[in-house]
Each structure stands twice: as structure tokens, then as C-alpha cells.
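Notes follow once the structure below has been shown.
The values are calculated or read from the model by the stated rules, or taken from the named source; none is laboratory data. The structure presented is a predicted model; accordingly, all values stated were derived computationally and were not measured. Heads up, the Cβs are rebuilt from the backbone with ideal geometry, glycines too, and the neighbour counts pull from every protein chain shown. The accessibility values were calculated without ligands, DNA or RNA, using every heavy atom of the protein model including side chains. Shrake-Rupley method; radii C 1.70, N 1.55, O 1.52, S 1.80 Å.
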Amino acid sequence: MQTRRILLFCLMWSLTLTAVFAQVDTGTIAGSVRDSQGAGVASAAITFVEINTNATMKTQADGSGDFASPPLRPGNYKVIAEAQGFKTQTRSTITLKIQDRLRIDFDMAVGSVSENIVVTAETPTVQTETSSLGQVITSTQITELPLNGRDYIQLATLSTGVVRTSSGTNGNSGGSSTGGLNSFVANGTRGTLNNFLLDGIDNNSNDNGGVVLRTNVDAIQEFKLQTNSYSAEFGRSGGAVVNAITKSGTNRYHGNVFEFFRNSALDARDYFEVPGTAKASYKQNQFGGTLGGAIIKDKLFWFGDYQATRIRNPLNSSSVVPTAAERAGDFSADPAVIDPATGNPFPGNVIPSGSIDSISQAYMNLYPDANQGNRFVIFPIERDTIDQGDGRVDYTPSQHDQFFLRYSMSRRTDIRPAPLPGLANGGNSSTGEGHEDTYGTSLGFTHIFTPTTVNEARFGFNHVHIRRGVPEGGTVLPPADLQVPGVPQDARVNGLTLFAPRTFARV
């Protein structure tokens, strides 16, 4: 029983943190309150008001006049200092960004508390409370800079020491799970060592070092990329830290609708397209919107977003297929075919019908007729469909408590046609249907016990389910004449047995 009490005490103590320590995706405002002689004003009351929501948090200066705010969500704040015998002073132009640790000092003038001195313009605050190196990418930058595919991770390369890299080679992933343009390295560290967070919850994919949840850029309030000397709360790895937060509702309704599209009107004709045919058409549409507002003014807020992606990508596929004579065993126009029974070439390079296995003949019959020389050439359309969205609720029941809950989901279906028709297929893991479903949530609770003691707890999970290379229509058992003896027949996991002739396309 005593051991259980000790463990419980240690757990509660680990959750109780002073405001100046771990803050993940929030910020802190610290400083001092002094009188005209430079002496600290003990017990001065400091109030922090988020302008867009009127969410209010309070703290109190210590005996030396120093104070530190509770963890504050990034936004625009006014900070009010009050003390008996002094005029109230208000700083109304404070912008707090993610992971900021700002210092603001108050020089109080003797007078009545009812008198208020409002400072509306001042020099930019300098972060003297932290030595970390990083850069905040704001919502304006995220939404107004051009992004191919609307992935905010691409903007990581705006920071010093960060360069784009190819994915899938020597640990160089580490961007979006779409790879390619979104992978990056910071200060020469492998991309797989980057650390991604969303609303204070781990957002790392363990299969490629990228992100799990690819949030709509219009739903991102801002993110901070830290590349050096960041605090121990980001102790997962030695790469860059990409710390993003989603938008929340405010007292005023706000939102947008959008559509971005691209088509082939200005594209050149593909080199391999058949002359005289219509030019293949590439189409990409991304559309959706965001909306947020208040359920209870100053208390309860909501925000939601939706984005759809529709891509129609023309492909070209060229496969070597057998001629009618070769299907019948006549390889007179080909290199010598060896009779496995004698070790010598077949006479005239023609395989007698009695020597052709029935299953091999059935496989040969799956090949389509050539339409260009000895090749079967097609120009199918790859269809990529993504539907994704986020929902968030923020609740501030009192000056001592804050809650938020965010839920995200994304469903993707990519259909890449196989190079050969029917059961022949001829594809690999990159053809057929690919499905990628992701879900994630983040729950946060902050409670102020005293002006110097705060409990901030975060809970969350991410889940990703990926299936690739599934034939269109699913896997099915082949007819009896195509079933190879000894191969397990289970339609859930296998279909046609793979044959890969040296000369012709695989089936």
C-alpha cells in the first residue's frame, strides 16, 4: 500500500509543472513589475487576455516583483498589471507565437488603480528566456505562398540550414508521407530524425519518418521549426522539430472556401503518346473550406475544416507480349529454345504441342494482342481521391481551467491501372488500388493551482492503415486451368500465381 501511494504521488508530481518549463505548443510571457525606484512590486496582479476570444488567465508577481504566465495558446494578447497604490498599466499589442518565451517588464507609476495607462506601440519584444534556434511560419505565409499539393511541410525549407532532399534514400525521408518534394534535412542531420508534432501530440510515421496527419493548410494557425538547442521536452531525436497547431474558433465567425485546379491545357504532349490521338489530360482539383465561431461567447468555441483532392493522371504503359505464333510454341524468330528433356534446342525452334504444359498454355493465352509492333501499349488514367478534415473545440470555463479537443481524419484511395488487361494484370505493388486511412486526436487540459503551479496534461493518438497493390475489384481465385499445384489457394491473400518470363511482361 505504501509503495502504491509513493507511485501515485510521483505520477501527480510529474504532471504538475511550473509555467516556465515544458510548454510543447504554447507560449509564455514573463517579466517583472517595478516601481519608479526600481524596487519590485510584490503581489502585483497580472492578467493575460486573448483578444479574439477574451479568454483570460491570471497570475501574481512574487515577493521580488517577478512573474511568469501560465501556458498560453499562441495569439494576440493584452497584458494588464495592477497593484494597490499604482496606476493600472495595459500592454495591448503583444503577439505570442508558438514556443515563444517573451519578456515584458512593467514600470508602475504611483496613482489610483482606476487610472489606466495603455501602451499601444512599443519596440518588438526580444526572447531572452530561451537559446533555441528556430523560425515560426505564420498562417499568412502558409496560405499565401504557392504549395504544390498544399502541404505545409514544404515551407520548412524557408528556415536557415534546412534543404530539400530526395526521399527513400539513405534515411532521407522525413517530410510528408507523400515523400518527394516534402522531404528535408536540417543542418546535415538525416531526415528520418526529424520530429513532427500536431497540437502537442506526436505526429511521426514509423514507416518512413514522415508525418501521419497531413492537415489542410487553411486549418494550420502556425508552426515552428526548431533546428538547434531546443529544450528537453523534444527529446525524441536529433533532427529538426516541426511543431504545428491547428486554428480554433473565436467570438467572431471566420472561415473561407477555396478551390485550386490544374489541367493539361498548357502541357506538352507526352513523348510516348500515339501520334494522331488526343493529348492525354492531367487534372488536379483541391477544394474545401473552413469555418469557426463561438458556441458560448468568451467560453466555448468550435472550428472545422474539410479538403478534397481529386487527381486524374494520364499514364503510359508499354509491355512486350508474345505473338500468335509464339503462343502456339513457334519461336522460330527468336533465340534458341532449349528442350529441358534433352538439353538441345527444339527442332526449328518450335515446341511440339505435346510438350507444352496446359497451365503454361493457359498463362500464354492471358496475354493481349500487340497493338504497336511486339508491344501492348495503353494510356490509362490514374485516379487519386483524398477526403480529409479536422474538428476542434476549445473551452475556457474559468480563469483557472482550459480544455481543448481536436479530431482529424483522412481517407485516400489511389487507383493505378495495371499494364495488362484482365487476370494478366502485369502489375506490381504500385499498381491496383491503394488505400491510406488515418485518424488522430489530441486532448488537452490546463489547470492553474496557484500563480506559480500549473498542471498541463495532453492525451492523444494517431492511427494509419495502409493497403497497397490490391487488384481492382480485390483478389480472386483464378480458374482451375490457371491454378498451379502446390500453391495455397486463399482469395483473401493471393490470386494468380506470378510468372515472369525473361522475354515477355510478367503476368
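Note on segment 23-75: among residues that are polar (S, T, N, Q) and open to solvent by less than 20 Å² (accessible area, probe 1.4 Å), the one that is modelled with the lowest pLDDT is Gln23. Just one of the numbered conditions (1) more than 30 Å from Arg392 (Cα to Cα); (2) modelled with pLDDT of 90 or more; (3) not aromatic (Phe, Trp, Tyr) is not true of Asp305; which one? For Asp305, the failing item is (1). For Ile295, the conditions (1) more than 30 Å from Thr503 (Cα to Cα); (2) crowded, with 17+ Cβ neighbours inside 10 Å are fulfilled apart from (2).
Segment 395-480 holds strands (runs of 3 or more DSSP E) entirely within its bounds, and those carrying 2 or more residues that are at pLDDT below 90 map to 432-450, 453-470.
Every residue, every condition in (1) open to solvent by 80 Å² or more (accessible area, probe 1.4 Å); (2) not hydrophobic (A, V, I, L, M, F, W, C), yes or no:
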site: Gly329; (1), (2): no, yes
site: Ala333; (1), (2): yes, no
site: Asp339; (1), (2): no, yes
site: Thr342; (1), (2): yes, yes
site: Val350; (1), (2): no, no
site: Met364; (1), (2): no, no
site: Phe376; (1), (2): no, no
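Taking into account only those residues within segment 295-341 that are aliphatic (A, V, I, L, M) and assigned to a helix (DSSP H, G or I), which is nearest to Asp401 (Cα to Cα)? The residue in question is Ala324.
Residues in segment 441-455 that are touching a Ser or Thr at 6+ places or on another chain (Cβ under 8 Å) and open to solvent by 30 Å² or more (accessible area, probe 1.4 Å): Phe449, Pro451, Thr452, Thr453. Phe272 passes every criterion in (1) within 30 Å of Thr431 (Cβ to Cβ); (2) among the aromatic types (Phe, Trp, Tyr); (3) at pLDDT 85 or above apart from (3). Filtering segment 354-375 to residues that are outside any loop (DSSP other than H, G, I, E, B) and in contact with a helix residue (DSSP H, G or I) (Cβ under 9 Å, 6 or more places away or on another chain) leaves Ser358, Ile359, Gln361, Ala362, Tyr363, Met364. Inspect segment 109-125 for any residue being surrounded by fewer than 15 Cβ atoms within 10 Å (Cβ to Cβ), at pLDDT 85 or above and within 30 Å of Gly239 (Cα to Cα) and give the result as yes or no. No; the residues of segment 109-125 include none that is surrounded by fewer than 15 Cβ atoms within 10 Å (Cβ to Cβ), at pLDDT 85 or above and within 30 Å of Gly239 (Cα to Cα).
Give the residues of segment 231-257 that are at pLDDT 90 or above and either open to solvent by 30 Å² or more (accessible area, probe 1.4 Å) or among the basic types (Lys, Arg) (or both), sorted by residue number. Across segment 231-257, the qualifying residues are Lys247, Asn251, Arg252, Tyr253, His254, Gly255, Asn256, Val257.
Of all residues in segment 406-440, those satisfying the criterion of being closer than 30 Å to Thr56 by Cα and buried (at least 18 other Cβ atoms within 10 Å of the Cβ) are Arg406, Ser408, Gly440. Of the strands (runs of 3 or more DSSP E) that lie entirely inside segment 41-117, those containing 1 or more residues that are more than 42 Å from the chain's Cα centre (by Cα) and in contact (Cβ under 8 Å) with a residue 12 or more places away in the chain span 75-82, 88-96. Among the residues making up segment 332-353, a single one is among the charged types (D, E, K, R) and without any contact (Cβ under 8 Å) to a residue 40 or more places away in the chain: Asp339.
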